[in-house]
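Enquirer: The following block contains the structure, expressed as structure tokens.
The values are calculated or read from the model by the stated rules, or taken from the named source; none is laboratory data. It should be emphasised that the depicted structure is a prediction, and the values quoted were computed from it without experimental measurement. Glycine gets a Cβ as well: all are built from the backbone with ideal geometry, and neighbour counts include every protein chain shown. The protein model used for the area step is the full one, side chains on, heavy atoms only, and it has no ligands, DNA or RNA in it. Shrake-Rupley method; radii C 1.70, N 1.55, O 1.52, S 1.80 Å.
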Amino acid sequence: MIRSLRFIEASTSGNTEYVVDQVVATLTERMPGLAIERQRAELTHPEDLLRGDLVILGCGTWNTGGTEGQLNVHMDALLRERANGLDLRGRPMTFISLGDDRYYFRTRCTEHFLRFQREHNGTLFAPPLVIVNEPYGQEERIRHWAEVLLKRMTVSPVTLTVDGGRLAA
């Protein structure tokens, strides 16, 4: 059973922070004893990814470096540089990914998160929350994802894998 969560987020416009706020509000309302810690990606050290029973990474998809479909620059620096050699040792994790339908790679940060999890020996705990366009007005969808997360947190662990681009238990 999951008793502690660590959110690591990169939010430049405030959208990711807003989504994480909504998830945290639902989780604390429904599971009052749950320990929740939040960190900004730019202040995170690689060993912070090993803290908590479940790690949730969140950021939007950006066009950093002139290429569309990249991670937020702070999350990119954490995952590709500072935590590059980290072994997650099976650490359960999931993701909050934001994007914009005006771009071809609208939520490609999800792909980058999944690649990091796979290449660094993490375990996908639950399907990622993917939000396209402004999160405002999508609160019910966010709450639903948090409820699904809660259900998974209170039952025996299930390992999810990516099979042909689809999640499978």
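Enquirer: Over the chain, with a Gaussian network built from C-alpha contacts below 10 Å, which listed residue (L149, L43, L88) shows the highest mean-square fluctuation?
Expert: Top of the fluctuation ranking is L43.
Enquirer: List the residues whose amide H sits under 5 Å from the amide H of L71, counting only those 5 or more places along or on another chain, with H placed 1.01 Å from N in the peptide plane.
Expert: W62
Enquirer: What full-extension length gain, to one decimal in nm, is calculated for K151 and E119 as 0.36 nm per residue of separation minus the Cα-Cα distance?
Expert: Fully extending the segment from K151 to E119 adds 8.8 nm.
Enquirer: Now, a different point. Let me know the shape class of segment 1-111, please: from the alpha-carbon gyration tensor, a ≥ b ≥ c as square roots of the eigenvalues, rounded when a/c is under 1.5, otherwise prolate if a/b is greater than b/c, or oblate.
Expert: Taking the square roots of the gyration eigenvalues as a ≥ b ≥ c, segment 1-111 is oblate.
Enquirer: Please return the longest range in the chain lying between exposed loop sites, taking trypsin sites (Lys or Arg not before Pro), DSSP loop only, at most 11 other beta-carbon atoms within 10 Å, and leaving the sites out.
Expert: It runs 1-88.
Enquirer: A follow-up question, please. What does the accessible area per residue of the chain come to in Å², with a 1.4 Å probe and no ligands, DNA or RNA counted?
Expert: Result: 50 Å² of accessible area for each residue.
Enquirer: Also, quick follow-up: Residue by residue through segment 91-99, what is 3J(HN,Hα) from phi via Karplus (6.51 cos²θ - 1.76 cosθ + 1.60, θ = phi - 60°)? Round to whole Hz and write x for glycine and proline.
Expert: 3, x, 8, 8, 9, 10, 10, 10, x
Enquirer: Follow-up question, since we're still on this one. Find out how many positive minus negative residues lie around N72, taking Lys and Arg as positive, Asp and Glu as negative, among other residues whose Cβ is under 11 Å from that of N72.
Expert: -2
Enquirer: On the protein heavy atoms, probe 1.4 angstrom, tell me the percent of accessible surface of segment 23-85 carried by carbon and sulfur.
Expert: Ligands and nucleic acids excluded, carbon and sulfur give 49 percent.
Enquirer: Still on this model: Report the residue, chosen from D76, D53, D101, that carries the largest GNM mean-square fluctuation when the chain is represented by alpha-carbon nodes joined by springs under 10 Å.
Expert: Maximum fluctuation in the GNM of the chain, among the listed residues, is at D101.
Enquirer: Taking square-rooted eigenvalues a ≥ b ≥ c of the alpha carbon gyration tensor, is segment 21-83 rounded, prolate or oblate, where a/c under 1.5 means rounded and, failing that, a/b exceeding b/c means prolate?
Expert: oblate
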